[in-house]
Structures are given as C-alpha cells and as structure tokens.
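Report on one structure; see the data block that follows.
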Amino acid sequence: MRKALRWLLALVVLTGTLSTAGVATAAQPEATGTVATAADIKDRLLAIPGMSLIEEKPYTGYRFFVLNYTQPVDHRNPSKGTFQQRITVLHKDVSRPTVFYTGGYNVSTSPGRREPTQIVDGNQVSMEYRFFTPSRPAPADWTKLDIWQAASDQHRIFEALKPVYTQRWLATGGSKGGMTATYYKRFYPRDMDGVVAYVAPNDVVNNEDSAYDRFFEKVGTKQCRDRLNAVQREALVRRQPLEKKYQAYAADNGYTFRTVGDLDRAYEAVVLDYVWGFWQYSLLSDCDTVPADAKNATDDQIWNTVDTISGFSAYTDQGLETYTPYYYQAGTQLGAPTIHFPHIEKKYLRYGYQPPRNFVPRSIPMKFQPSAMRDVDNWVRQHAEHMLFVYGQNDPWGAEPFRVGKGAKDSYVFTAPGMNHGANVAGLTADQKALATARILDWAGVTPAAVQSNPSAAKPLAAFDTKLDRREAEGEPGLRP
C-alpha cells in the first residue's frame, strides 16, 4: 500500500505540473485592492436576483454574510411556488477558490471554516438543506424533499455565485453532508472541480445491514466492547426504575412522545443507540468513562452514561421535530441501518432498532425508493472523478462506505486510523494525508510550486484558526449520520 501511494504521489508531480503551473499559491490582494473589493462584495452578492441579506457578522480577514436565496419548491416545475433558503458566505477574496459546504441539516450562522477551505485558503459558501427550518416551503409538500431537488438547490446557488467567485469550486460535507456532496456531483458532474466527502454512509441495499453487525463484533478492543454491551444490557434490565426516572425527566422538561408512540418506545430507542453513539462520537481512550461494572453500578450511573452518549431527549417530540426531514429521507431514499444485539436476551427487547417511519409524524406519507442509492453507488464506482472519501476506522457509519471502481478517475477512499465520525484529512496516515492534500490543492488550482515538484510536502495553505477551524464530529445524538 505504501509503495502504491508513493507511486501515486510521484504521478501527481506530472499531473500537478500540467494542470496548475503558474497558479497563485497564497491569497493575494485583488487587483482593485482587497479593502475596496471587500467593501463591494456585499453589493455584488445582493445584486444577484433572489438574494437578500439577513445579517453580516465581522471576522478578522473575512467578510461573513448570512443570506436568503429564493428557490423553487420544485425544480422541475419552478412556477409551482418558491421558498427562502438560508446560505452563508465566508468571503476571503474573489481571486481564491471557493468551497461549497453543506452538513445536510441546518446551516450554522456563525463564521466557520471546513477543512478543505483551510487547505486551499479559500472562500466558503454553506447551504442549509431544504426543509430544515426556516428553509422550508409553506405549506410543505414533502414529496419535494429528495436528493435530486437538494442537488438542484446547490446547482442554482452555484450558478448564481459563479460570476462573483470565478475561480475553481470544490464541494464538501460531512456525514449526511458528505452524502449530499456526492449526490450533487452525481446529478451535476460538471459544476464542481472536486469533491471531499467525509464519513459519508452508503446504504445501497436498505434491508441488508450485516456489515454493521460485523463492525460491532470487531471495533476497538474486546474489553471496551464488553463494557459498553454490559451497560446497554443493564439499562434494559433496569427498564422499570429507569423509565420512572425518564417520566420525571420528561415532565420536568415538557417532553412528549406522540410521534414515536410512547415513552417505552423512546426509552428503548435511546438505549439501543448507546453502543453506536459511543463509537460515533468517542475514541477508544474514552472507554475509561464507561462504568466498568454495569451490574453493580447505581441507577444514576447507568442513566448518566446513556444520557451523555445517546441523549434521552433524542426521541421526544421536541427532539425529533428538528430532524423530521432527515428521518423522512432515511425512510424514502437514504436507507437506515438495522443491527442486532446478541448480548441482550430477547426478553429485554420489545422493538429492536425502529425504522425511520416511527420518527416521522403519521400525517406525512412515506414510501421507500430502493433505486435511489443503487443509482448513486453505481455512478460513483463507474464515473467518480476528482472525488475523495474520508472515513474513520472506528465510526459505525463507515461500515457501508462508498467505493470507487475501474471507471473512476483521480478518486480515492481513505480511512483515518482510530478516528470516529469526526475523521478528516489531518487524521490520515502521513502518506495518505500528503496525497489527499496534494489532490485537493490541485483540484482547486492552487498547488504551490514546491508541492508540484514534491507532493509529499503538501500542507494547508491557511494557518489553523482555533475559532474558524473547530473540528467536531458530524451528526447529532440519536441514530443520525
């Protein structure tokens, strides 16, 4: 593997020299003066038809705008109504490349920079996924929430902003956002010059999830697995006293359970997320925080560890409401994992892993489309170009990853050792980190001369910023990517 990577790095010398010779290697003042142009960028953005300003927030070295953009509810029938979609723009310089980011959920309205944006020292456009409030049509026609409509949202935003940000563009996202970036490339392959998809699940066959069971048989160490499994089982053994605690907790916080059905279903859903949630968000070293002797632990110790990792609010009506669009998509196109619990006797399991249908109000119709993920998977295997997939070794969502086949070009799937759902390029092995960084720079058209001659020297063009470059695991408590 190392020899192959060194050969690929050597090949990058040639391809990088041919494709990026003479490009800028660091952010330079724009021809008309950085200050003058920066002052004008708001006017240029607001001159775009359908674009309106929500607010501007200051950040040293950047301009940061929170905007609304008018989108059609149905891109196939634009006359059928519109809605306002939130986006943000972290403006560096129009002479720099632009990274198009989405997490697949709500957009953050605080300045933040994703890893590819730091690597290329560029601008960043971030999009709120359709149907996550407030970017939801009213009334909401849920049949218009699908991966093609969302990709078309990105396509229209790109077309609107490309005359302003004329340099190269990369798409990126983590978890559901990594899926979103991949779907965007599938449906609009010519828009982006490259894609960096982090920890993106790829559930091709929804009812065949044995890969997840195999993952949980081997992840981490036996000692850690046994400790987690024991806590999970004990939480079901003590169902009666802990559900009384749950009732008091729900009453104190005004939580209700109409969508999932009742508190008992919600309780089991939270408990069954426990082991998955640990590996999604924690590291092997965090096993020391898990009760070592579950049978002799107090009720409070069992409750606290489950609440910390799974979150007892996750399956309340109030906890589910924000994520209704995700569960709708999981039950109509994306798919959702189902795993088994051999360490728990059947008498303690009443529902097992519940399907997405249980987490969406019954007033919203759902019908699964099995062809959607098969189409994307086949396209990636055969036609991926300038695509990088990054996974974490200990992340359950990586049990069913994207793969690239013989038809793919300049595309890679890398796994960061020991990392969870927060896996990134920085966490890869040295050879893979250098190769990934070199390819990202090349796709963005900003490869420094030194890297063209020695790709193994590739590193981010922008210095790490503790506020802008927060490294957090993607996703939220509850079984969500």
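The values are calculated or read from the model by the stated rules, or taken from the named source; none is laboratory data. This one's a predicted model, so the numbers in the text were calculated from it and none came from an experiment. So basically every Cβ, Gly included, is an ideal-geometry build from the backbone, and we count neighbours across all protein chains shown. Accessible surface areas use protein heavy atoms only, side chains included; no ligands, DNA or RNA. Shrake-Rupley method; radii C 1.70, N 1.55, O 1.52, S 1.80 Å.
Structure data summary
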quantity: Efficiency of FRET from Cβ geometry, T289 and A430, R₀ 22 Å, rounded to 0.05; calculated: 0.15
quantity: Accessible area in square angstrom per residue, region 155-304, 1.4 angstrom probe; calculated: 41 Å²
quantity: Peptides ranked, highest mean first, by Cβ atoms within 10 Å: ranges 175-183, 327-335; calculated: 175-183, 327-335
quantity: Modelled FRET efficiency - R0 56 Å, T109 with R238, Cβ distances, 0.05 increments; calculated: 0.85
quantity: Crossing angle, helix 430-444 versus the chain [Cα axis fit, 0-90 degrees, rounded to tens]; calculated: 50 degrees
quantity: Within region 81-217, percent of DSSP bridges classed antiparallel, to nearest 5; calculated: 25 percent
quantity: Relative contact order of region 412-464, pairs being alpha-carbon contacts under 8 Å that are 6 or more residues apart, as %; calculated: 28 percent
quantity: Descending semi-axes in Å of the chain, equivalent ellipsoid built from Cα gyration tensor; calculated: 39, 27, 21
quantity: R0 of 60 Å, Cβ-Cβ distance D40-E345: FRET efficiency to nearest 0.05; calculated: 0.30
quantity: Average accessible surface area per residue within region 102-152, 1.4 Å rolling probe, Å²; calculated: 26 Å²
quantity: Three-way shape call for region 384-481 based on the alpha-carbon gyration tensor, with the a/c threshold at 1.5; calculated: oblate
quantity: Average Cα contact separation per residue, the chain, under 8 Å, 6 or more apart, as relative contact order %; calculated: 20 percent
quantity: Antiparallel %, DSSP beta bridges [both residues in the chain], to 5; calculated: 50 percent
quantity: Carbon plus sulfur fraction of accessible area for region 64-208, probe 1.4 Å, in percent; calculated: 46 percent
quantity: Fraction of accessible area attributable to carbon and sulfur, region 251-406 (%, probe 1.4 Å); calculated: 47 percent
quantity: Cα-based helix-to-principal-axis angle, 222-237 vs the chain, degrees rounded to 10; calculated: 50 degrees
quantity: Chain lengthening between I54 and A251 when straightened (0.36 nm per residue, less Cα-Cα); calculated: 67.3 nm
quantity: Computed [θ] at 222 nm, deg cm²/dmol, the chain (DSSP H ≥ 4; -39,500 (n - 2.57); rounded to nearest 500); calculated: -11000 deg cm²/dmol
quantity: Relative contact order of region 273-416, pairs being alpha-carbon contacts under 8 Å that are 6 or more residues apart, as %; calculated: 21 percent
quantity: Solvent-accessible area per residue, Å², over region 341-470 with all protein chains present [probe radius 1.4 Å]; calculated: 45 Å²
